[in-house]
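Working notes for the structure below.
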Amino acid sequence: MISFQQVTKHYPGADQPALNNVSLEIGKGTIFGILGRSGAGKSTLLRCINRLESPGSGRVLIDGQDIAAFSPAALRQYRQQTGMVFQHFNLLHSRTVSQNIELALKIAGMDKVRRKQRVTELLQLVGLEDFAGSWPARLSGGQKQRVGIARALAANPGYLLCDEATSALDQETTCSVLDLLAEIHRKLNITIVLITHELMVVKRICHEVALLEQGVLQESGSLPQIMARPDGKLRHLLLQDGETDRAFRARYLSEGETRCVA
Ligand SMILES: Nc1ncnc2c1ncn2[C@@H]1O[C@H](COP(=O)(O)OP(=O)(O)OP(=O)(O)O)[C@@H](O)[C@H]1O
């Protein structure tokens, strides 16, 4: 469980805090979406989870432990438990697909024989068995993100933190990467935290969602809870989304309501 307790983060020189008294709980094994516009504080929130940023006040707890109190060794170990996926993939272009993944395992201290086995497993998991020796520059955006996901999963983390993981991809590729994340979640029962400005991400795979606006947490809950709040901001946003999403509406609205909002 990740628990934010009254977290405030104010960057030096900024007019307003990037995070303003945010309290939030992210349960184990969930796919949790953090939705917000540009500048809402999403990246700051995500980076507080692996202590790339530290709150000015408040606490971030992992399974009840305050991560601010971790020793350097405990923090290193903890960071291996929090794989991160980036919007622009962040692959090393001078290394092949398998070398990109293997590097993460080398850093985690795994021996060479085990590394080779693990790279093969990971390539299978993300559907890139035939691309082990390819150079990143020769891959499509979706394939690059699959490498990014394999690399993030290398050390068998308990948490996968996705920083706008599909924002650089077209809609079809976004869907296939989201479906891959859902499949990984099913297979590994990992906790996935996604920050996004895309409603589709929330609709397609999230179990729970939180809405951030100007550093303030506006609303959070499971999708059924959110869709059951007639005047809720998130419900309104999700239904207002221009793209017709019959499956989503069918899941959360009664037949009469579906006709009303169509
Ligand atoms: N290192 C920094 N120094 C100063 N201000 C920062 C820094 N990082 C972020 N900010 C500011 O904090 C606020 C929140 O930024 P953050 O990147 O967390 O938002 P975001 O929702 O992730 O936005 P985006 O989707 O554009 O990345 C913004 O006003 C941003 O300008």
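Every number in this text was worked out from the coordinates using simple rules, so none of it is lab data. Just so it is clear, the structure is predicted and the values come from calculations on it, not from any experiment. Neighbour counts run over all protein chains shown; Cβ positions are idealised from the backbone, glycine included.
For the reader, a short list of remarks on this structure follows.
- Convex hull (Cα only) mean projected area of region 159-212, reported in nm² to one decimal: 3.5 nm²
- Dipole magnitude for the chain: about 820 debye, using +1 per Lys or Arg Cβ and -1 per Asp or Glu Cβ, origin at the Cα centre.
- Think of it as helices only: each DSSP H run of n ≥ 4 in the chain is worth -39500 (n - 2.57), and spread over all residues that comes to -12000 deg cm²/dmol at 222 nm.
- Stokes-Einstein D (µm²/s) once Rh is taken as the Kirkwood radius of region 1-104 over alpha-carbon pairs, at 37 °C in 0.692 mPa s: 214 µm²/s
- Most mobile of Tyr252, Tyr159, Tyr78 in a GNM of the chain (Cα contacts under 10 Å): Tyr252
- Of the beta bridges in the chain, as assigned by DSSP with both residues counted there, near 50 percent are antiparallel.
- The alpha carbons of the chain stretch over 58, 42, 32 Å along the principal axes, in descending order.
- When the convex hull of its Cα atoms is projected in every direction, mean area for region 173-241 (nm²): 5.0 nm²
- Under the Debye formula (equal points on every Cα, no solvent term), log10 I(q)/I(0) of region 106-197 at q = 0.15, 0.16, 0.22 Å⁻¹: -0.59, -0.67, -1.23
- Farthest positive-ward along the chain dipole, Cα basis, beta-carbon charges - from Pro224, Ala250, Ala68: Ala68
- Over region 45-87, the ratio between the Cα radius of gyration and 2.2 N^0.38 Å evaluates to 1.12.
- Taking all pairs of distinct alpha-carbon atoms in region 117-262, Kirkwood radius in angstrom: 16.9 Å
- For the chain, the membrane-span-like helix rule (DSSP H, alpha carbon extent of at least 24 Å along the helix axis, mean Kyte-Doolittle at least -0.5) picks out 171-188; this says nothing about an actual membrane.
- Among the listed pairs Lys187/Lys233; Lys28/Lys112; Lys42/Lys203; Lys9/Lys106; Lys116/Lys144, those beyond 26 Å (Cα-Cα): Lys187/Lys233; Lys28/Lys112; Lys9/Lys106
- For region 204-248, the equivalent ellipsoid derived from the alpha-carbon gyration tensor has semi-axes of 18, 12, 11 Å in decreasing order.
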